[in-house]
Amino acid sequence: MTAIRRLVRGDRPIGDVDLSTSVGDVTLPNPVMTASGTAGHGAELGAYFDLQDLGALVVKSLSIMPWDGNPGPRVTPLPGAMMNSVGLQGPGVEGWIHNDLPAIRASGARLVASVWGRTVDEYGAAAEALTAVEDDLIAVELNVSCPNLEDRRKMFAHSGSSVASILDATSMLTVPRWTKLSPNVSDIASIAGAAGEAGADAVTLTNTLLGLVLDPVTGRPVLGGGGGGVSGPAMRAVALRAVYDVAAAHPQLPIIGVGGIAEATDVVQYLRAGASAVQVGTATFADPRATTRIITELSAWCSAHSVASAAELIRTAHSGGTP
Ligand SMILES: Cc1cc2nc3c(=O)[nH]c(=O)nc-3n(C[C@H](O)[C@H](O)[C@H](O)COP(=O)(O)O)c2cc1C
């Protein structure tokens, strides 16, 4: 723990390697954040490490109203992965501001709030409620991988125009808006392009893959919510491909990569594919210190490969070369 502290504390370069990075106008001391929904709503991971050691803390998606989520069971293991159907349980923006934000504020973590909704108006209302605490935020992530009640429950993320509507409805926010897309589309580059044109400051790629596990005896889904979202190392190649394709199609659009990251070399792949930063989700369930371990290992990997800064790695897969 002390060694990790010494290596990653504060805003200065880690060891001899400069891990700092920028997502559009947002500068981070290192590229590793938590992934929404896998690090609690508040300062829970502060029991394991100093939250300032993260590139940023991304909290679980919040809606305008408190939400109970889905019945259990909510998670099930899969080979190299897990599947969840938590159903976006949460306290609502006002409850979060009252109950969770004070501890995060006290931790000094760079904070990203995430919002979701069932309608475009609900996204707008959640964003409006967050304007009261924008000084505490470095960005807001728009989780658009939710069913749209007004369009036959089709996911917002499945339509460029729906994603653009959410950006329009949340335009009162003055902090950068990162739009988190779904991998369950045929052409993620076109959806990302629509997000960028509508004002997204970055895209986060990707949310979980749609999945289903059945009980072979009853024929019923094992999760209480029915199907679920598959996450973890088994989906890494899918999300990495999304990052690569979006980076190729939209070189000016900042990208945050997420999906299956468990090792420093996974981060290196995402940076080379075109991400400026990454998020770590499922790995945190196996080891709550996974993020800080990966930051320390990333610094060591760069040193061992004569890479002086994380920035040197970004997009190198597109120029066909190593730094
Ligand atoms: C239990 C669980 C809950 C999640 N909740 C959210 C959420 O509230 N909002 C969101 O945008 N993504 C949510 N996700 C998706 C993750 O943020 C991430 O995109 C996905 O799990 C892929 O990353 P990973 O393989 O590192 O977990 C959740 C994932 C898991 C496993």
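Rule-based calculations on the coordinates, nothing more; no lab input. From a predicted model like this one, the values you see are computed outputs, not experimental measurements. Don't worry about glycine lacking a Cβ; one is built from the backbone with ideal geometry, like all the others, and counts go over all protein chains shown.
Computed quantities for the displayed model
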read-out	value
Cβ-based exposure ranking for Tyr123, Tyr270, in which fewest neighbours within 10 Å come first	Tyr123, Tyr270
Net charge, Ile64 excluded, C-beta distance under 13 Å - Lys, Arg +1, Asp, Glu -1	-3
Neighbour-count order for His250, His318, His41, His305, fewest beta carbons within 10 angstrom listed first	His305, His318, His250, His41
Magnitude of the charge dipole, the range 219-304, Cβ model with Lys/Arg +1 and Asp/Glu -1, debye to 20	160 debye
Pairwise label distance in nanometres, Val133 with Ala103, each label 7 Å out on the Cα-Cβ vector	1.3 nm
Computed helical MRE - 222 nm, the chain, DSSP H runs ≥ 4 contributing -39500 (n - 2.57), nearest 500	-8500 deg cm²/dmol
Three-way shape call for the range 198-264 based on the alpha-carbon gyration tensor, with the a/c threshold at 1.5	prolate
Residue among Leu101, Gly196, Gly226 farthest towards the positive dipole end of the chain, charges placed on Cβ	Gly226
Under 10 Å, Cβ to Cβ, from Thr170 - net charge with Lys/Arg +1 and Asp/Glu -1	-1
Antiparallel DSSP beta bridges within the chain, as percent of all bridges there, nearest 5	40 percent
Neighbour net charge for Asp121 - beta-carbon separation under 14 angstrom, K R +1, D E -1	-4
Sorted by Cβ neighbour density within 10 Å, fewest at the top, the residues Arg105, Arg110	Arg105, Arg110
Ordering of 29-36, 147-154 by packing [mean C-beta count within 10 Å, highest first]	29-36, 147-154
